[in-house]
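Participant: Got a structure for you, written out below as structure tokens; questions coming shortly.
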Amino acid sequence: MVYYARKCTKQEVADVKAEKIPLLLGIILIILLAFLIVWQADMLGVSAGRLEQDARENQEIGSSWEMAQAVNDDMCAMLFYDEEKDDCAYSIYLSRDGFSFGYFFRQGGFDPYMADSVKGIVFEDKGIALLSLNEDGVCKIVVDNDTEEKVISVDPEEPFAVVLPVDCGAITMYDAQENIVTLYDTYTGI
């Protein structure tokens, strides 16, 4: 059996194009509505690469301030400080369970304990953020969960941010003379 192609008239071509326009507009409308629903449901957070920029913009932190940052899959902790290390601000971002992307701002601002010592901020199922301008000269953080001991080295001259899992065990911090440094912790919960 042999088939022959028939040449379409200009009217038939115009009719096919006219049929495709409403279909195309419908698809664009569905995509736009889906995007608006996702946006309004607050499922789109801040990507890991934009966390510093987002924190600086939302908390009005100048670009001259330096930053110490720690991030894992559940949490990002940032400590911003001036050159003299007299003033600081912090930002905590958390990821959300379920259908969401990125990190979402949880809390931030100024905390006097961060300037004087080490502040621990605990989030119920996300982890623990340790933040400090390091006036106490912490040089070592030891995390002991009864099965293993993990040692985290810290520059005693620099501010720091450390993120630990919530089930990390006992946290002990030492200065260069092996004195224990006090940890001020806050249970924040979510």
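The values are calculated or read from the model by the stated rules, or taken from the named source; none is laboratory data. In this text the structure is predicted, and so the values were computed from the model without any measurement. Glycine also receives a Cβ, built like all others from the backbone with ideal geometry; neighbour counts cover every protein chain displayed. When the accessible area is computed, the model is the full protein with side chains, heavy atoms only, and any ligands, DNA or RNA have been set aside. Shrake-Rupley method; radii C 1.70, N 1.55, O 1.52, S 1.80 Å.
Participant: From the list 167, 146, which residue is at negative phi, surrounded by fewer than 16 Cβ atoms within 10 Å (Cβ to Cβ) and of a type outside the set (Ser, Thr, Tyr)?
Facilitator: On the way: 146 fails: at negative phi.
Within the list 167, 146, the selection yields 167.
Participant: Among the residues that make up region 112-128, is at least one of them under 24 Å from residue 65 (Cα atoms), modelled with pLDDT of 90 or more and surrounded by fewer than 13 Cβ atoms within 10 Å (Cβ to Cβ)?
Facilitator: Taking every residue of region 112-128 in turn, none turns out to be under 24 Å from residue 65 (Cα atoms), modelled with pLDDT of 90 or more and surrounded by fewer than 13 Cβ atoms within 10 Å (Cβ to Cβ).
Participant: Find the residue count for region 150-190, including only residues that are assigned to a strand (DSSP E or B) and modelled with pLDDT of 90 or more.
Facilitator: So the answer is 16.
Participant: Do we have any residue at all in region 131-141 that's in a strand (DSSP E or B), open to solvent by 50 Å² or more (accessible area, probe 1.4 Å) and on the phi < 0 side of the Ramachandran plot? Can you show your working first?
Facilitator: Going through region 131-141, the residues in a strand (DSSP E or B) turn out to be 131-132, 138-141.
Filter once more, keeping what is open to solvent by 50 Å² or more (accessible area, probe 1.4 Å): 140.
Next, from what is left, pick out any that are on the phi < 0 side of the Ramachandran plot: 140.
Yes, region 131-141 contains at least one residue that is in a strand (DSSP E or B), open to solvent by 50 Å² or more (accessible area, probe 1.4 Å) and on the phi < 0 side of the Ramachandran plot.
So that you can scan it fast, the table gives a plain yes or no per residue for (1) of a type in the set (A, V, I, L, M); (2) closer than 13 Å to residue 160 by Cα; (3) under 17 Å from the mean Cα position of the chain (by Cα):
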residue: 85; (1), (2), (3): no, yes, no
residue: 96; (1), (2), (3): no, no, yes
residue: 103; (1), (2), (3): no, no, yes
residue: 109; (1), (2), (3): no, no, yes
residue: 114; (1), (2), (3): yes, yes, no
residue: 123; (1), (2), (3): no, no, yes
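Participant: Another question about this same structure. Go through region 166-184 and give me each residue that's free of Cβ contacts under 8 Å to residues at least 40 places away in the same chain and within 24 Å of the chain's Cα centre (by Cα). Steps first, answer last, please.
Facilitator: Step one: filter region 166-184 for residues free of Cβ contacts under 8 Å to residues at least 40 places away in the same chain, giving 167, 169-170, 172, 174-180.
Within region 166-184, 167, 169 meet the criteria.
Participant: Condition first: open to solvent by less than 40 Å² (accessible area, probe 1.4 Å) and either touching a helix residue (DSSP H, G or I) at 6+ places or on another chain (Cβ under 9 Å) or hydrophobic (A, V, I, L, M, F, W, C) (or both). Now tell me which residues in region 172-183 satisfy that.
Facilitator: 173, 181
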